[in-house]
1. Calculate the mean, over all residues of peptide A:92-99, of how many other protein chain Cβ atoms lie within 10 angstrom of the residue's Cβ.
2. Of C:Ser362, C:Ile427, C:Ala332, which is farthest along the charge dipole of region C:330-548 in the positive direction, counting Lys and Arg as +1 and Asp and Glu as -1 at C-beta?
3. Given Cβ point charges of +1 (Lys, Arg) and -1 (Asp, Glu) and nothing else, what value in debye, to the nearest 20, does the dipole of the protein assembly as shown about its Cα centre take?
4. Please list the non-local residues whose amide H lies under 5 Å from the amide H of A:Ala257, H modeled 1.01 Å from N, same-chain partners needing a gap of 5 or more.
5. Once amide H atoms are placed 1.01 Å from N in the peptide plane, what residues at a sequence separation of 5 or more from B:Val128, or on another chain, have their amide H within under 5 Å of its amide H?
6. I'd like the mean, over residues of A:117-123, of how many other protein chain beta carbons sit within 10 Å of each residue's own Cβ.
7. What's the lysine pair count for the protein assembly as shown at a Cα cut-off below 21 Å, pairs eight or more apart or interchain?
8. Could you state the number of Å between the C-alpha centres of region C:1-40 and region B:68-130?
Amino acid sequence: MNAGSHTVVAVIASCSQVVAVAVGGLVLIGLMRKVRAHLEGRVGAPILQPMFDVRKLFRKERLRPDQATWIFPLAPVVLVATVAVAAAITPLVTTGPALSTGSDFFALVYLLLVGSTLLALAGMDAGTAFGGMGSSRAVTIGALAEPALLVTILALSATAHSSNLPAIVRATLADPGSVATPQRLFALGALLVVIVAESGRLPVDNPATHLELTMVHEAMILEYAGPDLAFVTVGEAMRLTLLLGVFVNLVAPWGIATTTNVAAVAVGLVTLVAKVAVVGLALAVFEVFTAKLRLFRLPELLAGAFVLALLGVVSGLVVK
Amino acid sequence: MSAQNLWRSLWRVRRVTEALAPDADATAGPEELIGSLQLRHVDAGSCNGCELEIASAFGPVYDAERFGARLVASPRHADGLLVTGPVTRNMAVPLVKTLEATPHPRIVIAVGDCACDCGVFRGGYGVVGSVGDVVPVDASIPGCPPDPTAIIDALRGITRR
Amino acid sequence: MTAASLVVSGAVLGLTAGVGGATLPRRSRVAVGAVLVWGACALEAVAAIHVLVSGHRVVLHSAELLPFTGVNLVLTPLGAFFVLLVAMVAVPATLHGIGYAHHGLDSRMAAFAVPIFVTVLLLVPAAGSVATFMVLWELMALTSLSLVLVDHGRREATRSAGTWYAVITHIGAAAILTAFLILAAHSGGQSFAALRLHARHLAPVVRALVFVLALVGFGSKAGVVPFHVWLPKAHPEAPSPVSALMSGAMVALGVYGIILVGDVILGGGSLWWWLVVLALGAVSALFGSLHAASSTDMKRLLAYSTTDNVGLALIGLGASGLFDATRHPQLAALGLVAALVLLLNHAAFKGALFLSAGSVQSATGTRDLDQLGGLLRRMPQTGALFLGAAAAICALPPLNGFIGEWLLFQSLLHGADIGNTAGEIAIPLAVAAMALTAGLTVVAFVKAAGIGFLGRPRSEGADAAVEVPGTMRLAVGLLVGVCVVLGVVPTLVLPAVERAVRAVLPRVAPLSLAHGVDLQLVGLRGVLEPAALAAAMAGALFGLGALRRALARRPAPRVAEAWGCGRQLQTARMQYTATSFAEPVQRVFDDVLRPVQDLDVSHVAESRYFIEAVTFHNAVDDGIERGLYRPVIGAVRRWGQVARQLQPGSVHRYLAYGLGALVIVLTALTVIR
């Protein structure tokens, strides 16, 4: 196959990744709510309910607080844009999406940070107490999760000698036993805790809470209505799905397309959906058994994740 | 309760939700809200009897969520208000402000006799009037307190599920 | 014109600007001085570019200007890089000063000192001998000190800041001078080339002593913990254009000094030197970002953030030295490139931040974040530029901070298995420090931008703010533009940085990081495509914006009152303040910060059940100042009190001292002979 068709397939794969993350994200949220409902003894909303909610939100009115500036309408679009770009370049369906040479784990982390930072600013834009509270807590949690995240990337990059995500996934495919090493296991454990913290799930933050004083992420988006709220909802669902997709491809990358033909990409898509669904289900079941941690207990949790990541790096050096 | 005990009781209970037939004469709402309805509950001065029934309506037995309805924290995220109680003097302005904070298309559902026509509190010195006297009401659910099935009928009328 | 004549004419133009500033009438002195300074910067920059492009150094020697030692200027590629850095900050800073003049910059002293300060900053990287270097270093300290004290008549804090700055900078200068004198004593000449030649014959203990002295001296100028205490005092008190120059350019010259002594003159040194540098860098980064996150004074926040960024540059420098000592020259070069890029980026965005903080102070009359708010609506361009610079310092793609952090991370990542135990333990800890610093920087700047510019104004000064004159906005805009360009197309400057690095580490093969518009590590696996990333982000942004407009059924947004739970009244006092925003961070780190909190409740006279007023005061002071400096100052003062007993004023006592000293000296001489 010549380079032209390679690029075409790569672009198709990237587009399918973005669509899968966007659509699949909402379905994942619906699935997680359904699992929770079943465990609570209820029927629960249909799995596609988040999509109906988003469709309805686009038909509602847009509102803007009187003190808000251009940051307020910009933040939701930037959130979805950065997560979409991240979804396009990370190896989810294939190890060769568009721009995969520049698909760096470090760049992924900072790309997602753009969205959260702008959302934190938008929370303060309305000039209310809730927005400031949400922003303050969200950036503090983000700051405490950073050390664990970057040391995890350090540990995971050791096997491939590069922080390029496709390279790490390909190295894992080439050496499946490397997943069972203590280095990898510690690092993946830390990564899971950080993913829970970054996407605002229990026990770090309760996405379904009604009490403003217990909110972290919800408090930042309290002012958003209509299409802006639709973008924020989709953006948050996409972020969770993307992070879970990266996680599953670091734990069990089998099924991901390594060759540039459309059939392999299709297989990769199906396996991605299946893997993320399994992890999402497990996360949903875990959430039923967990209560939200008090805000000032979170540093202990994130410090624990950091220690796990550090153990991952150290065990990699020792075992060598 | 330990995780083990919790898991055991969850496994034992399975599903408790009852099947419910739809009510043909329920009030319809705006067509944008078919299939998806988020409501912000406002207690304008109630005795909390209606709140218990609303909680039960969204609980495992009656499960209003399966028909597309959900309670949300911010009126900006909501399609309407679920108002209980007669409107007291202190809650008149907040109720109006809450409705103004809700984006169009929006509805107001008055739950309980107090919300519909002040119920037993009619003429009280702290009461301004019924919900309809302060904000325009789109659907009413009479009863003191109304049965959860009546609440669900009203919600299903709007979501058409 | 040759490059040498460019350097000389640049210096002469700068001096003329100073003289002109002192002699011209008040209305024109700042503007004329600024234009002449731009000329000087342009001339020096052209000379620097010539050095970087051609690889030849520029040598100037004049025996007449300084008695006994002569003036010796040698512009190496490393020095040329720093000259360009200084010029990049100096032009917008002086442009901003034209509009900022009424805050003290139009006095004769300031109009004389600013051009001299800029000229000296441009010449320090070109100094080629000890005497030239020390004269220029002292001039730099004196001019910046006089500029810090420009407002001294009005505030006690300014005088105190000036004292701290003066003392610490001179202790640093003494340390640097001692280091150079030790080197010069052993080499018999005082040019840097001679020092370098003879430095390898020195005993390891002497070399270590020289390095430690240089680290202390240059570290104090760069704002490295624990010598940083003057920085959060002096940088806020100086007028903003001067703060931009000090934070952007002067601290970079402190790091230049460490590179000069450690790498150029001493030729690399032992492993433990660079571990110390790495450790100091990590501690500075953490300390600076933590205090920036808890500061409520906008300029103090920026000053602590300077300590933070210098710490990051030192982490890169320490890693580079570590790799050099363990014989990984490619990695060493990468680490040094990362350090230099971090300094360049820092000059750009810190300059922009200080200048816009100056615009805010000029427009509102305050720099206390708890008094600001709502400025983005009142000062749209300044606010947008501050947000851009804040995004750059938080290392958000596609701006330049991200490129620097990526390079630093790559150098640490690829060095994680160098085979030396100390290094292998240090590197993950350095990564952790870098990460926590990045997170706390986001806290600090979301606070500064969100509290300062968004929401409602918290004071009348903030409410009455109007947009500043166009020169001030243009100045900030120039630096933010540099941030954008360096973020999207960093390969414009990378060849120059590599040329500078190869001048320092000559054993290294060409790095050629620039690969078209992408960055690619040679011999290691790591690629970054900033331009493609920026294009993708912009494309996604516009596409989704258009999608939102198409999908949204209803027209433009309706303006509604902010949701406050149905409250009757929403005032500015119900918002979060800078103190409350930083409170979670303060609580988590309260062992380090030890905030002093004061709660004062006054009751109504008639009944203790009713409260009249509640005052809450929260202050975070510098832990190192409190724990290290104040006890030392206290001890010195006590010893001074004790020593006063020796001076009762009696002439008989003093004569007895003289006699006693004479007797002791004669006895000692007899014993020795």
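Here, each number is a calculation from the coordinates, and none is a lab measurement. Everything numeric here is computed off the predicted structure, so don't read it as measured data. Neighbour counts are summed over all protein chains in view; Cβ atoms, including those assigned to glycine, are modelled from backbone coordinates with ideal geometry.
1. 1
2. Toward the positive end, the furthest listed residue is C:Ser362.
3. Using Cβ point charges on Lys, Arg, Asp and Glu, the protein assembly as shown gives about 1600 debye.
4. When sequence neighbours closer than 5 places are left aside, the close amide H contacts are A:Thr94, A:Thr95, A:Gly268.
5. Placed amide hydrogens put B:Val87, B:Thr88, B:Arg89 under 5 Å from B:Val128.
6. Partner-chain Cβ atoms within 10 Å, mean over residues of A:117-123: 5.
7. Step by step, the pairs that qualify in the protein assembly as shown add up to 13.
8. Measuring centre to centre over Cα atoms gives 72 Å.
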